[in-house]
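Only one structure is covered here, and it is reproduced in the block below.
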Amino acid sequence: MRLYARQPWPTGTYKRYRARNGCQRNAWKLANDHPGSLILVKGYALDEEGAWLGHWWCVDRHSRVVDPTWKNEGTAYVGIEEVDPAAYAARSLAAGSYPLELATFAPKDIVSELWAAVMPE
């Protein structure tokens, strides 16, 4: 697991995609629009209420979060895997959908690891 740095939305740089319940597709579209500039990431993001939610986002070359979906960026982003957008598109096409591939809420057995990534000892 890897903690990614939050940043305000980089105004005027990227198009925001806001499909409701479509973070995986939104992030894929953004990464696909900017090959070599953005990396697709899946993991868990901490929302404003303190819940760890399964989420997809992008990161720039400096590992800063570029989240096209959430209006108010999450308070923390912990990635589980960086994903190749082309490979993800091929998997999604084969499946006939854009599967989240993550639990909506972080499983209890990894919540402590998520918190440890955010607040190391």
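The values are calculated or read from the model by the stated rules, or taken from the named source; none is laboratory data. What you see is a predicted model, and the numbers here were worked out from it, not measured in a lab. Cβ atoms come from the backbone with ideal geometry, glycine included; neighbour counts cover every protein chain shown.
Go through the residues of segment 20-31 one by one and say whether even a single one is over 16 Å from Asp84 (Cβ atoms) and exposed (fewer than 15 other Cβ atoms within 10 Å of the Cβ).
yes
Matching residues to (1) among the basic types (Lys, Arg); (2) within 27 Å of Gly12 (Cα to Cα); (3) modelled with pLDDT under 90:
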site: Gly36; (1), (2), (3): no, yes, yes
site: Ile39; (1), (2), (3): no, yes, no
site: Asp47; (1), (2), (3): no, yes, yes
site: Trp57; (1), (2), (3): no, yes, no
site: Leu93; (1), (2), (3): no, no, yes
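Which of the residues belonging to segment 95-112 are at pLDDT 75 or above and of a type in the set (S, T, N, Q)?
Within segment 95-112, Thr104, Ser112 qualify.
Scan segment 23-51 residue by residue and report those that are of a type in the set (Gly, Ala, Ser) and either within 11 Å of the chain's Cα centre (by Cα) or in a helix (DSSP H, G or I) (or both).
Those that are of a type in the set (Gly, Ala, Ser) and either within 11 Å of the chain's Cα centre (by Cα) or in a helix (DSSP H, G or I) (or both): Ala27, Ala31, Gly43, Ala45.
Which of (1) exposed (fewer than 15 other Cβ atoms within 10 Å of the Cβ); (2) closer than 14 Å to Leu3 by Cα is the odd one out, the single condition Glu49 does not satisfy?
Glu49 satisfies every listed condition except (2).
I'm told Lys71 meets every condition in (1) exposed (fewer than 13 other Cβ atoms within 10 Å of the Cβ); (2) more than 22 Å from Gln7 (Cβ to Cβ) except one. Can you identify the failing condition by its number?
Only one criterion is unmet by Lys71, namely (2).
Might you check whether a residue that is surrounded by fewer than 16 Cβ atoms within 10 Å (Cβ to Cβ) and touching a Leu at 6+ places or on another chain (Cβ under 9 Å) occurs anywhere in segment 88-100?
Within segment 88-100 (the criterion being surrounded by fewer than 16 Cβ atoms within 10 Å (Cβ to Cβ) and touching a Leu at 6+ places or on another chain (Cβ under 9 Å)), the answer is no, since none of the residues qualifies.
Report yes if some residue within segment 93-102 is closer than 24 Å to Pro120 by Cβ and either under 14 Å from the mean Cα position of the chain (by Cα) or assigned to a loop (DSSP other than H, G, I, E, B) (or both); otherwise report no.
Within segment 93-102, one or more residues are closer than 24 Å to Pro120 by Cβ and either under 14 Å from the mean Cα position of the chain (by Cα) or assigned to a loop (DSSP other than H, G, I, E, B) (or both).
Does Gly54 satisfy the criteria of being small (Gly, Ala, Ser) and either under 19 Å from Gly36 (Cβ atoms) or in a loop (DSSP other than H, G, I, E, B) (or both)?
No; evaluated as a whole, the condition is false for this residue.
Suppose the filter is more than 24 Å from Ala95 (Cβ to Cβ) and of a type in the set (Phe, Trp, Tyr); does Trp56 pass it?
Considered against the rule, which asks whether it is more than 24 Å from Ala95 (Cβ to Cβ) and of a type in the set (Phe, Trp, Tyr), Trp56 comes out as no.
Here's a check for you: in segment 44-65, which residue that is charged (D, E, K, R) and touching a residue at least 12 places away in the same chain (Cβ under 8 Å) is nearest to Arg18 (Cα to Cα)?
Filtering first and then ranking leaves Asp47.
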